[in-house]
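Here's the structure, in structure tokens; my notes come after.
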Ligand SMILES: NC(=O)c1ccc[n+]([C@@H]2O[C@H](COP(=O)([O-])OP(=O)(O)OC[C@H]3O[C@@H](n4cnc5c(N)ncnc54)[C@H](O)[C@@H]3O)[C@@H](O)[C@H]2O)c1
Ligand SMILES: O=C(O)[C@H]1O[C@H](OP(=O)(O)OP(=O)(O)OC[C@H]2O[C@@H](n3ccc(=O)[nH]c3=O)[C@H](O)[C@@H]2O)[C@H](O)[C@@H](O)[C@@H]1O
């Protein structure tokens, strides 16, 4: 018999049915694992793909048996969506185009995916009195206020000019021709819509702003389990370079700064939101690790060192190479300069703190990348010369 579980207020947690849209992606796959391994909840998993959750679906004899059901659904056009939301206690919407290489090259798809396609989900939750956890992004903050100060201004060192706060920081994007911001702007508008549904129609919602969550199963390795010419997010780009023994490409010198959080830490925060509605409803949460800040150049150097350790292969003499953003991403790219989350709200509401250092999370992630892809990459690299 499973032992009874209690939430942060000491109340028993009742088993629930969760409609998870985008369950087959990076975050979805980790969230499905967490829920199936550690809770009694049921998952209706919706996605157009299921490769990353196959291990959870394959056999009916698995210990979680019928607690996960996969529905191959494109939410752009599928009449089953409302019924599945109605059957559930909670909907979590993860579905989105969320790779920067798409924002300026496929801005229409990006805006439709992040705004238009999310509209029915919000509407069905609101009309049917269902709770919604909507995944937004730290990109809604755009650039820091500090980035507009003169380079030598001492105010740049003042946290008031760069720490990103859910209820205080402005959203600062570039001009319209900088189509990089199509994603952030669509995410901002859907946040405002969700918030307004809460204010005017009583929708019970939580908005999550992830700050660069990384770990195993993130995106794809081009030419292995994704398109040859595809450009994934930075962890997979750099992993691909390391696996192929190519220099890591630093866009515009790799000066932008990011804070990276381990996916397993971040998923703990999401589970707290799921199981503590009284503390999570009506909130917007930053979820990141302010202690893991690096420039992209430092990230490249650290990944090179960690990969040499886990693979046993020596590093290249020149492990990085500079490329312009125009060459790498094309016209209309722009960047967030710095992203440090303020943690006050998530600390106060859910008592959550990330645990894993950047070195440790890269060690476990690159061990996974090496184990999963090294052989396949070797074969792919050997092919053209042997034929
Ligand atoms: N990973 C991060 O660090 C991060 C950071 C900020 C925001 N987010 C947000 O979190 C969410 C999940 O991100 P992820 O990293 O897991 O991305 P992902 O691309 O791995 O997962 C998204 C999933 O949604 C599915 N999907 C997209 N459109 C769909 C549609 N029309 N119908 C059905 N399924 C569809 C995709 O097939 C994919 O499996 C996104 O909304 C993203 O914007 C992620
Ligand atoms: O993860 C997040 O929190 C959010 O930010 C990401 O945006 P970004 O961090 O800019 O995307 P990455 O691809 O991870 O790039 C990080 C930095 O590395 C740089 N980069 C990327 C790839 C590469 O090969 N080389 C390189 O220097 C980029 O220019 C950027 O400055 C994506 O927009 C989303 O997945 C998400 O909403």
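Bear in mind these aren't lab numbers, they're just calculated from the coordinates by the rules spelled out. Not measured: the values here are computed from a predicted model. Every residue, glycine among them, receives a Cβ derived from its backbone with ideal geometry; neighbour counts consider all protein chains shown.
Restricting to the chain, compute how many DSSP beta bridges are antiparallel as a %, nearest 5.
On the way: 4 of 41 bridges.
Roughly 10 percent of the DSSP beta bridges within the chain come out antiparallel.
For an R0 of 30 angstrom, estimate the FRET efficiency from the Cβ-Cβ distance between residue 317 and residue 105 and round to the nearest 0.05. Walk me through the numbers before you get to the answer.
Numbers: r = 33 Å, r/R0 = 1.10.
The computed FRET efficiency comes out at 0.35.
Sort 117, 66 by Cβ crowding within 10 Å, fewest neighbours at the top.
The most exposed by this proxy come first: 66, 117.
Order of 362-372, 130-140 by packing, highest average Cβ count within 10 Å first?
Working: 362-372: 19.5, 130-140: 23.1.
Those peptides, ordered most packed to least, come out 130-140, 362-372.
Which whole-number percentage describes the relative contact order of the chain, with Cα contacts under 8 Å and a sequence gap of 6 or more? Write out the running numbers ahead of the final one.
Working: 674 pairs, mean separation 65.9, N = 387.
Worked out over the chain, it gives 17 percent.
Report the extension gain between residue 171 and residue 382 in nm, rounded to one decimal, defined as 0.36 nm multiplied by the number of residues separating them, less their alpha carbon distance.
Working: separation 211, 0.36 × 211 = 75.96 nm, distance 4.71 nm.
Once the chain is fully extended between residue 171 and residue 382, it gains 71.2 nm.
Set the Förster radius R0 to 45 Å, insert the Cβ-Cβ distance between residue 178 and residue 62 as r into 1/(1 + (r/R0)^6), and round the FRET efficiency to 0.05. Don't jump to the answer; show the numbers that get you there.
Details: r = 47 Å, r/R0 = 1.04.
Calculated transfer efficiency: 0.45.
Round to a whole angstrom and tell me the spacing of the C-alpha centers of region 244-258 and region 27-61.
33
Treat each spin label as a single point 7 Å out from the Cα along the C-beta direction, and report the residue 160 to residue 127 distance in nm.
That separation, rounded to one decimal, is 4.8 nm.
Which of 203, 350 comes first, and how do the rest follow, when ranked by fewest Cβ neighbours within 10 Å? Present the calculation step by step, with values, prior to reporting the outcome.
Numbers: 203 24, 350 21.
In increasing order of surrounding Cβ atoms, one gets 350, 203.
Quote the FRET efficiency, to the nearest 0.05, computed for residue 69 versus residue 151 with a Förster distance R0 of 56 Å and r equal to the Cβ-Cβ distance.
On the way: r = 55 Å, r/R0 = 0.98.
The pair residue 69/residue 151 has a calculated efficiency of 0.55.
What is the fewest-to-most order of 55, 41 by other Cβ atoms lying within 10 Å of their Cβ? Numbers along the way, then the final one.
Details: 55 12, 41 21.
Ordered from fewest to most neighbouring Cβ atoms within 10 Å, 55, 41 come out as 55, 41.
Starting from the Cα coordinates of the chain, work out the convex hull volume and express it per residue in Å³.
Dividing the Cα hull volume of the chain by its residues yields 161 Å³.
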